[in-house]
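> Here you go, one structure.
The values are calculated or read from the model by the stated rules, or taken from the named source; none is laboratory data. What you see is a predicted model, and the numbers here were worked out from it, not measured in a lab. With ideal geometry, Cβ positions are generated from the backbone for all residues, glycine too; neighbour counts draw on all protein chains shown. These area figures cover heavy atoms from the full protein model, side chains too; ligands, DNA and RNA do not enter into them. Shrake-Rupley method; radii C 1.70, N 1.55, O 1.52, S 1.80 Å.
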Amino acid sequence: MALPSGQDLKITEATLRAVVKTIFKAAGSNERECELLADHLVEANLKGHDSHGVGMIPAYITSLKANELTLNHAPRLVTDTGGALVLDGGNGLGQSIAHDAMVMGIERAKKTGSAIVALNNSHHIGRIGHWAEQCAREGLVSIHFVNVIAEPVVAPFGGKVPKLVTNPISIGIPRRDAPPVIVDFATSKLAHGKIRVAYNKGVKVPDGTLLDAEGRPTNDPAAMFEAPTGAILPFGEHKGWTLAFACEALAGALTGGQAMKGPATKKSIINNMLSIIVSPEALGTQANYLSELESFVHWAQLPSEGQSPTVLLPGDPERATKAERLDHGIPVDRNTWLQIVAAGQSVGVSDAELNAYIG
Ligand code: NAD
């Protein structure tokens, strides 16, 4: 049972980064891995995706304790066709495995114009937009399909029983003289972690998000955290399900990883990701790409009668949240904080040391 909700803690970016590094240093991560993990988790919080921020620490420590997460691991090159790299993540910490996989894909795309990176068997790689942003910083367009091997929580369209996880998709679209457009979402109505955050805060989820164990609609996030558990629905009716299916095929099967085929047999959260990385410069379409993109953005955002609020681009809400949280701190609910402290204690960091961070 979650504790009654109180006011959220407000923690600065620097403090949260220090908390992540303290816990993972004690767990055994080297300096580089601690940095990559802190960058990733705290950036997810800053961008408003608390589902993929520091609240994931307890799940990662659970995997570690079960010997299902390997720290300080690098992806292993399995196949190199020139245009495509197949990489085995070997249950490594996803935030460093996917980072290294993207470095290899970016290098190849810059050399040959495009690259396919088929990453299999990585531990949870977090917020997928992070990888699209890494490519966009190098001027590269990228598309990422991801599947998840964990306890099934999402029902297919037309079904009532969970058969898959929240299979996310991300697309990174760099722009001329403007931050990149980042499309990044789960193919379920809500990311599972957002239901965890609602449960920890003691608030309801929107209509049409969940079914209870009997297959009846419910707004209670406990349906996913207290037995007998129910299911999350796909977004967009049949359309979300078709994209979720594509993630199983492209990320789960094609990468050399696994697709869902039954209840979880392990505690870990494994991600497989198929990334397609394209260099507009190498294609010779850079000038057209950049100017057509800006024309479309201008047209899409042209104010029109009755159009309020202003049309946003994918990635804009995250940037606005980041600006606000850099100024005012990152909200962390008390249950999530208690879970982080318990995870820290389990690897030898005292609650006094962790609570000292928040004063
Ligand atoms: P979401 O529903 O918040 O959608 C986010 C996307 O919609 C972003 O691209 C955002 O910029 C865009 N957006 C939101 N409001 C907008 C508006 N008004 N106008 C234009 N664009 C708008 O995302 P989600 O489904 O809750 O996913 C949250 C995170 O969870 C993502 O980062 C995803 O990668 C991650 N995730 C990871 C896994 C995993 O296994 N690693 C699984 C599921 C989800």
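> For the range 167-196 and the range 204-239, what is the separation of their C-alpha centers, rounded to whole Å?
The two parts, judged by their Cα centres, are 22 Å apart.
> Now for a different question. Using only alpha carbons, build the gyration tensor for the range 205-359 and give me the equivalent ellipsoid semi-axes, biggest first, whole Å.
Working: eigenvalues 254, 145, 102 Å².
Calculated on Cα positions only, the semi-axes equal 36, 27, 23 Å.
> While we're here: When 1/r is averaged over all different Cα pairs and the result inverted, which Kirkwood radius in Å belongs to the chain?
Value: 21.1 Å, from the Cα pair sum.
> Enter the accessible area of E292 (Å², nearest 10), with the probe set to 1.4 Å and all protein chains included.
110 Å²
> Can you give me the C-alpha center-to-center distance between the range 89-110 and the range 288-359, rounded to a whole angstrom?
Spelled out, the Cα-based centre of one part sits 23 Å from the other.
> May I ask you to derive the FRET efficiency for Q301 and D39 from their Cβ-Cβ distance with R0 = 35 Å, giving the value to the nearest 0.05?
On the way: r = 31 Å, r/R0 = 0.87.
The computed FRET efficiency comes out at 0.70.
> Rounded to the nearest 500 deg cm²/dmol, what is the calculated helix-only ellipticity per residue at 222 nm for the chain, with -39500 (n - 2.57) per DSSP H run of length n ≥ 4?
Theoretical 222 nm ellipticity from helices: -12000 deg cm²/dmol.
> To the nearest 0.05, how large is the calculated FRET efficiency for T12 and L312 if R₀ is 25 Å and r is the Cβ-Cβ distance? Present the calculation step by step, with values, prior to reporting the outcome.
On the way: r = 27 Å, r/R0 = 1.06.
That gives a FRET efficiency of 0.40.
> Less than 18 Å apart at the alpha-carbon level, and either on another chain or at least 8 residues along: which aspartates and glutamates does that give for K194?
Excluding near neighbours in sequence, the set is D8, E43, D50, E151, D184, D207, D212, D220, E226, E318, D333.
> Continuing with this model, one more query. How big is the Rg/Rh ratio for the range 112-191, C-alpha atoms only, Rh by Kirkwood, two decimals?
Numbers: Rg = 14.7 Å, Rh = 14.0 Å.
Reported Rg/Rh (Cα atoms, Kirkwood Rh): 1.05.
> Let me ask you something else. Could I have the simple spin-label model distance between N355 and A253, label points 7 Å from Cα toward Cβ, reported in nm to one decimal?
For N355 paired with A253, the spin-label model returns 5.3 nm.
> Once you have the Cα-Cα distance between E292 and E151, take 0.36 nm times their residue separation minus that, and quote the gain in nm to one decimal. If you can, show how the numbers build up before the last one.
Values: separation 141, 0.36 × 141 = 50.76 nm, distance 4.31 nm.
Net length gain for the segment: 46.5 nm.
> Rounded to the nearest 10 Å², what accessible area does L326 have for a 1.4 Å probe in the complete protein model?
Estimated to the nearest 10 Å², L326 gives 90 Å².
> I'd like the Kirkwood hydrodynamic radius of the range 1-126, using the inverse of the mean 1/r over distinct C-alpha pairs, in Å. Don't jump to the answer; show the numbers that get you there.
Working: mean 1/r = 0.0635 Å⁻¹.
One over the average 1/r among Cα pairs gives 15.7 Å for the range 1-126.
> Rounded to a whole number, what is D in µm²/s for the range 223-271 from Stokes-Einstein with the Kirkwood radius over alpha-carbon pairs (37 °C, 0.692 mPa s)? Write down the numbers at each step before the final one.
Numbers: Rh = 12.7 Å.
Estimated via Stokes-Einstein, D reaches 258 µm²/s.
> So how far apart, in nm, are the two label points at A66 and A26 if each is 7 Å from Cα heading toward Cβ?
The modelled label-to-label distance comes out at 2.2 nm.
> Continuing with this model, one more query. Give a residue-ordered list of calculated ³J(HN,Hα) values for the range 156-170 (Karplus: 6.51 cos²θ - 1.76 cosθ + 1.60, θ = phi - 60°; whole Hz; x for Gly, Pro).
x, 4, x, x, 10, 10, x, 10, 8, 9, 8, 3, x, 10, 9
> On the full set of protein chains, 1.4 Å probe, figure out the accessible area of L233 and give it in Å² to the nearest 10.
Here the accessible area works out near 40 Å².
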